[in-house]
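Enquirer: Just passing along the structure, written as structure tokens.
The values are calculated or read from the model by the stated rules, or taken from the named source; none is laboratory data. Nothing here was measured: the structure is a model prediction, and the numbers come from that model. Positions of Cβ are generated from backbone atoms using ideal geometry, with glycine treated the same way; all protein chains shown enter the neighbour counts. Note: accessible area is taken over every heavy atom of the protein model, side chains too, but ligands, DNA and RNA are not part of it. Shrake-Rupley method; radii C 1.70, N 1.55, O 1.52, S 1.80 Å.
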Amino acid sequence: MHLSDEEKAMYDGRDGPAVQKAMDLLVRYGEALGAERLVETRNVCATITSTTPFQRDFAQTRGGMDAVFSEFSLDSQEVVPIPKFKVFTSHLQLGFDPGQPERMGIDTQTLQFYERSERHAAGLGAQIMNTCTPYQVGNVPTRGEHCAWMESSAVVYCNSVLGARTNTEGRESCGAAMLTARIPDWGYHRDENRHATHLVELDVEVESVQDWGLLGYFIGEQVQSGVPVVHRREGFGRAPNLPRLKHFGAAAASSGGVELFHLVGITPEAPTLDHALGGKKPIEVLRYGPAERRAAYERLNTTAREAEIQYVMLGCPHYTIEQIWEAAQLLEGRRLHPDVQLWIFTPRAIKALADRSGHTRIIEAAGGVLMTDSCSAMSRAVPPGTRAVALDSAKQAHYLPAILGVQAWFGSTAECIEAACTGRWQGGLK
Ligand code: F3S
């Protein structure tokens, strides 16, 4: 791999052992991927803190938080002192909500260890955003900006909607990027890999958040790790907003491995179909009509059997303020069914906004709760006794039954709120 003089100096130890180990990791990782050089990045999104008893014991026996960072973020068994990050770094979601640990069955010791690790990460320079949607709360990279992000739903949004450039990185490569401001130049950092491979022609209007989730779920299954470009006929529905794009990308990254998509006339690298395809022919043309839409809906609802539900989870990916406002409007003046719990997940910063705007009060008056930092799939936590859950997220409907063995109903936000208030799923594809 070609290294610049600055990179050679870091590799040779000029900036200390942690940076040296980070460079060594990046060179080995880059060479394994066939990268010929590194690119500079000034934007990393990653998990840094620790939430497990295993990491707590590790810290106690091996040398504190530096040992945890060395092992889990630098893949180094040797404990090295960790210097401040060189790069603007945002913290992703965690395994529980530290503001409401009791709901997720988290004991005091684990909470205290997490708080210690949060202070450590903040001291190194991490922004404690604690969300899978950093682009909602102050981390909005610009078109062409090289990033090093983890979290598939954030990666696909970063690449596709913002036109910035990242692969789906891991904790270790992100840890190395924080200390060096470098990441291997391969995959979606390079122009030649950003053109569409599959063309999707729409034969139905795609309008609601649910519709965009269904379309994403269909596309992910079909193209797997390809790059889809969606072509809508003239006058076919309104342009999707942030929640719709967020649900679409998250769904495509769940049923498949989509890290980049293009929507002709909407996303930055698709002003025209030809532009998105890079002048080449697609390897496949897919049609999405009523039959494909229904099939995606049925696949997402395959685990659902019992109409009685015990739990409604909203906020995957983390809800926007607009989605919280909508949920609050649907809940205003109503009460949840006594056997149902409603958890809505959002970033900490958006919760503060929802608190000030009065939405939290309305949700709580109905019996629901607004939570942060995590979700049921990440925390593996649902209210006790949950057998069936209602969801408005294709991504969560894809993962939660597999993770926790619960039944999942997937539908619109309004259907989920209705289920929360009646205790029964009455939804169906319109
Ligand atoms: Fe976020 Fe959890 Fe969904 S971390 S994308 S809400 S699975």
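Enquirer: Please pick out the residue among 305, 294 that is assigned to a helix (DSSP H, G or I) and among the basic types (Lys, Arg). Please lay out each step first, then the result.
Expert: Numbers: 305 fails: assigned to a helix (DSSP H, G or I).
Unique residue meeting the criteria: 294.
Enquirer: So for region 279-291 (the condition being outside any helix (DSSP H, G or I) and of a type in the set (Phe, Trp, Tyr)), does at least one residue qualify? Full working, then the answer.
Expert: The first filter runs over region 279-291 and keeps only residues outside any helix (DSSP H, G or I), leaving 279-289.
When the remaining residues are screened for being of a type in the set (Phe, Trp, Tyr), the result is 288.
The answer is yes; a qualifying residue exists.
Enquirer: Scan region 370-412 for residues that are part of a loop (DSSP other than H, G, I, E, B) and away from the ligand (no atom under 12 Å from the Cβ) and report the count.
Expert: Final tally of qualifying residues: 10.
Enquirer: Any residue at all in region 178-189 that is of a type in the set (Lys, Arg), under 19 Å from the mean Cα position of the chain (by Cα) and not in a loop (DSSP other than H, G, I, E, B)?
Expert: Start the filter on region 178-189 by keeping residues that are of a type in the set (Lys, Arg), which leaves 182.
Cutting the leftovers down to under 19 Å from the mean Cα position of the chain (by Cα) gives us none.
No, that holds for no residue.
Enquirer: Check every one of the strands (runs of 3 or more DSSP E) wholly within region 1-91 and list those with 3 or more residues that are more than 29 Å from residue 374 (Cα to Cα).
Expert: Counting at least 3 such residues, we get 38-40.
Residues are listed down the side, and each one gets a yes or a no for (1) among the basic types (Lys, Arg); (2) touching a helix residue (DSSP H, G or I) at 6+ places or on another chain (Cβ under 8 Å); (3) farther than 18 Å from residue 273 by Cα:
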| site | (1), (2), (3) |
| --- | --- |
| 175 | no, yes, yes |
| 182 | yes, yes, yes |
| 194 | yes, yes, no |
| 197 | no, yes, no |
| 204 | no, yes, yes |
| 218 | no, yes, yes |
| 221 | no, yes, yes |
| 228 | no, yes, no |
| 241 | no, yes, yes |
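Enquirer: Same structure, new question: Looking only at region 1-59, how many residues end up being among the hydroxyl-bearing types (Ser, Thr, Tyr), over 18 Å from residue 74 (Cβ atoms) and either surrounded by 14 or more Cβ atoms within 10 Å (Cβ to Cβ) or touching a Cys at 6+ places or on another chain (Cβ under 9 Å) (or both)?
Expert: The number of residues fulfilling the criteria is 1.
Enquirer: Next question, about the same structure. Which of the following residues is open to solvent by less than 10 Å² (accessible area, probe 1.4 Å), at pLDDT 95 or above, touching a Ser or Thr at 6+ places or on another chain (Cβ under 9 Å) and within 21 Å of residue 217 (Cα to Cα): 160, 152?
Expert: 160
Enquirer: Determine whether region 129-147 contains at least one residue that is open to solvent by less than 30 Å² (accessible area, probe 1.4 Å), more than 16 Å from the ligand (Cβ to nearest atom) and in a helix (DSSP H, G or I).
Expert: no
Enquirer: Which residue is most open to solvent (accessible area, probe 1.4 Å), if the candidates are limited to region 339-358 and must be touching a residue at least 40 places away in the same chain (Cβ under 8 Å) and away from the ligand (no atom under 16 Å from the Cβ)?
Expert: Applying the filter and picking the extreme gives 339.
Enquirer: If the Cβ limit is 7 Å and pairs must be 6+ apart or interchain, which residue in region 125-147 that is free of Cβ contacts under 8 Å to residues at least 24 places away in the same chain pairs with which residue that is outside any loop (DSSP other than H, G, I, E, B)?
Expert: Listed by first residue and then by second, the contacts come to 144/165.
Enquirer: Hey, among the residues in region 163-194 that are of a type in the set (Lys, Arg) and open to solvent by 30 Å² or more (accessible area, probe 1.4 Å), which one's nearest to the ligand (Cβ to nearest atom)?
Expert: 171
Enquirer: Go through (1) more than 20 Å from residue 324 (Cβ to Cβ); (2) open to solvent by 10 Å² or more (accessible area, probe 1.4 Å) one by one and return the number of the condition residue 395 breaks.
Expert: Among (1) more than 20 Å from residue 324 (Cβ to Cβ); (2) open to solvent by 10 Å² or more (accessible area, probe 1.4 Å), residue 395 violates only (1).
Enquirer: Is region 359-368 home to any residue that is away from the ligand (no atom under 15 Å from the Cβ), outside any helix (DSSP H, G or I) and in contact with a Lys or Arg (Cβ under 8 Å, 6 or more places away or on another chain)?
Expert: yes
Enquirer: Given the condition in a helix (DSSP H, G or I), open to solvent by 10 Å² or more (accessible area, probe 1.4 Å) and under 17 Å from residue 161 (Cα atoms), answer yes or no: does some residue in region 256-274 qualify?
Expert: Yes, there is a match, as at least one residue in region 256-274 is in a helix (DSSP H, G or I), open to solvent by 10 Å² or more (accessible area, probe 1.4 Å) and under 17 Å from residue 161 (Cα atoms).
Enquirer: Continuing with this model, one more query. Tell me which residues, restricted to region 288-319, are buried (at least 20 other Cβ atoms within 10 Å of the Cβ) and more than 28 Å from residue 405 (Cα to Cα).
Expert: 288
Enquirer: Scan region 226-241 and tell me whether some residue there is closer than 14 Å to residue 410 by Cβ and open to solvent by less than 40 Å² (accessible area, probe 1.4 Å).
Expert: no
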